[in-house]
Amino acid sequence: AWWLNPWTGIAALFVFLMFVLALPDNQSGSTQIADADLPPVIQYLSKEISSLKSWQFDKKAKNPTELQAYLASAKVPTPSSIPQGLNTIPSIGCVTFDYGSGAKLSMICFKNDRVYHLITADKATYPDTIPNKPTLYQCKDKAFKLWVDEDQVKILSIHGSKEEMPEFI
């Protein structure tokens with residue numbers, strides 16, 4: 001009889017496994033739907049920050065003014081000011097990103113008990129819609145605060161929830 005053949009059982013098990021693997025993953029689907037409501041720059045930065053390694057910094061320095069000078073000399077967006085709470089925290093390094101339609105983003109990272117990422121863009125070349133007031137976002141394991149500071153768009157990011165975002169702004 002065919003059901004006594006061991007190869008039939010192996011083939012049936014294989015078909016069953018293929019069926020299980022082909023089922024949609026509801027958890028990742030709900031995450032994608034939630035992420036679709038986020039501004040594109042937040043989604044982009046969440047991925048970039050997750051993949052960033054310390055050796056990928058354009059420049060490393062403990063003094064943020066040294067990093068600001070480096071970014072200015074590279075002719076990329078440079079934060080005109082560091083938020084009050086960040087200016088007492090040592091920096092780690094900086095990196096720049098090309099973001100949509102030729103817009104440039106710069107990021108200075110700071111570290112004490114946690115890592116803070118301060119991202120700066122020029123308002124004139126920023127391609128996304130900008131909220132009228134400082135706005136908090138959550139993307140996976142990171143919280144973001146986006147606001148406008150004169151002619152710059154700034155984003156502060158931490159690993160954690162929106163409730164853990166410091167009141168630097």
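The values are calculated or read from the model by the stated rules, or taken from the named source; none is laboratory data. These numbers come from a predicted model, not from an experiment. Heads up, the Cβs are rebuilt from the backbone with ideal geometry, glycines too, and the neighbour counts pull from every protein chain shown. Accessible surface is based on the protein model in full, side chains and every heavy atom, while ligands, DNA and RNA are left aside. Shrake-Rupley method; radii C 1.70, N 1.55, O 1.52, S 1.80 Å.
Using a Cα-Cα cut-off of under 12 Å, which aspartates and glutamates could be cross-linked to Lys62, ignoring same-chain neighbours fewer than 8 residues away?
Straight-distance partners of Lys62: none at all.
Where Rh denotes the Kirkwood radius from the mean inverse Cα pair distance, what is Rg over Rh for region 69-169? Spell out each step's value before the answer.
Values: Rg = 13.0 Å, Rh = 13.9 Å.
The Rg/Rh ratio comes out at 0.93.
Among Gln43, Gln84, Gln138, determine the one that fluctuates most according to a GNM of the chain built with springs between C-alpha atoms less than 10 Å apart.
It is Gln84.
When the accessible area of the chain is computed with all protein chains present and a 1.4 Å probe, what percentage of it is carbon and sulfur?
58
Take the Cβ-Cβ distance between Ser51 and Lys111 as r, set R0 to 22 Å, and report the resulting FRET efficiency rounded to the nearest 0.05.
My answer for the efficiency is 0.80.
Taking only C-alpha pairs under 8 Å that are 6+ residues apart, what is the relative contact order of the chain in percent?
Relative CO of the chain lands at 16 percent.
So which GluC sites (Glu not before Pro) in region 83-169 pass both tests, a DSSP loop state and at most 12 other Cβ atoms within 10 Å of the Cβ?
Filter output for region 83-169: Glu150, Glu167.
What accessible area per residue comes out for the chain, rounded to a whole number of Å², with a 1.4 Å probe?
60
Please pull out the direction-averaged projected area of the chain, using the convex hull of its alpha-carbon atoms, in nm² to one decimal place.
Here the figure is 14.0 nm², rounded to one decimal.
Given the pairs Lys75/Lys162; Lys75/Lys142; Lys47/Lys133, which span a C-alpha to C-alpha distance of over 30 angstrom in this model?
Where the Cα-Cα span goes over 30 Å, the pairs concerned are Lys75/Lys162.
Given springs between every Cα pair under 10 Å in a Gaussian network model of the chain, which of Phe57, Phe14, Phe144 has the largest fluctuation?
Ranking Phe57, Phe14, Phe144 by mean-square fluctuation puts Phe14 first.
With a 1.4 Å probe and all protein chains kept in place, how do Trp55, Trp147 rank by accessible area, largest first?
In descending accessible area the options line up as Trp55, Trp147.
What full-extension length gain, to one decimal in nm, is calculated for Asn63 and Ala12 as 0.36 nm per residue of separation minus the Cα-Cα distance?
Numbers: separation 51, 0.36 × 51 = 18.36 nm, distance 6.33 nm.
Here the segment from Asn63 to Ala12 would lengthen by 12.0 nm.
Among the trypsin sites (Lys or Arg not before Pro) in region 99-129, which ones are in a DSSP loop with at most 15 other Cβ atoms within 10 Å of the Cβ? Mind listing them?
Arg114, Lys123
Can you give the calculated 222 nm mean residue ellipticity of the chain, where each DSSP H run of n ≥ 4 adds -39,500 (n - 2.57) and the sum is split over every residue, rounded to the nearest 500 deg cm²/dmol?
After summing the helix terms and dividing by residue count, I get -9500 deg cm²/dmol.
So what's region 117-169 giving for Rg/Rh, alpha carbon basis, Kirkwood Rh from the mean inverse pair distance?
Radius of gyration relative to Kirkwood radius: 0.96.
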